[in-house]
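What follows is calculated from the coordinates using simple rules that are stated; it is not laboratory data. Bear in mind the structure is a predicted one, so any value in this text is a computation, not a measurement. Positions of Cβ are generated from backbone atoms using ideal geometry, with glycine treated the same way; all protein chains shown enter the neighbour counts.
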Amino acid sequence: MLTRLKTLVIGAALLAAGSAWAEAPIIFCTNFSDQFVPEGQAEEFTGTQVSWMTILDGPIGENAMIVSLYQNDASNSQTLLGRIKVDVNPKWTAYGVRNAVFPAVGNYEIAFALEDGTTIASGRVNLLEETPQEEIKPEEKYGTTLEELFNKYAPK
């Protein structure tokens, strides 16, 4: 029995050690710069439109990732609103969407995962009241590598 328990503990430790990803936070903000510096970072916003971004420890090395959107209710249970496979550049380390529009006011969670199910980034935001339709801005998607950012802004 003790041998079996040791085997289970060692197996669990190896699985945990085999995960190369430390889950990164998804940052919600009013906007972010082209260098992925957030502006107006917060956990609560007025309206249903907000920008979000994340910077990973390194490139994911894959051509796609899974993006999931959940809505959380008052008891903190989640409802999956959507899950899509998104094509990405395997060298990118930063991802973001400016002016993303959520379905309604409420509490949401976004999660990025590799195709094997490993979560690489997640974050929660609370949207307090709706924005009038005429103020909705077009959504913009971005991605880059740390090398491109460094070379673009490195002293010459």
> Summing Lys, Arg as +1 and Asp, Glu as -1, what charge do residues with Cβ under 12 Å from the Cβ of residue 118 carry, residue 118 excluded?
Replying inline: -4
> When Lys and Arg each count +1 and Asp and Glu each count -1, what net charge do the other residues less than 12 Å away from residue 98, Cβ to Cβ, add up to?
Replying inline: -2
>> Taking the Cα centre as origin and putting +1 on Lys and Arg beta-carbons and -1 on Asp and Glu beta-carbons, what dipole magnitude results for the stretch 25-153, to the nearest 20 debye?
In response: 220 debye
>> Let me check I've understood the local charge: for residue 28, count other residues with C-beta under 15 angstrom from its C-beta, Lys and Arg +1, Asp and Glu -1. What total comes out?
In response: -3
> Using 1/(1 + (r/R0)^6) with R0 = 22 angstrom and r between the beta carbons of residue 141 and residue 115, what's the FRET efficiency to the nearest 0.05?
Replying inline: 0.70
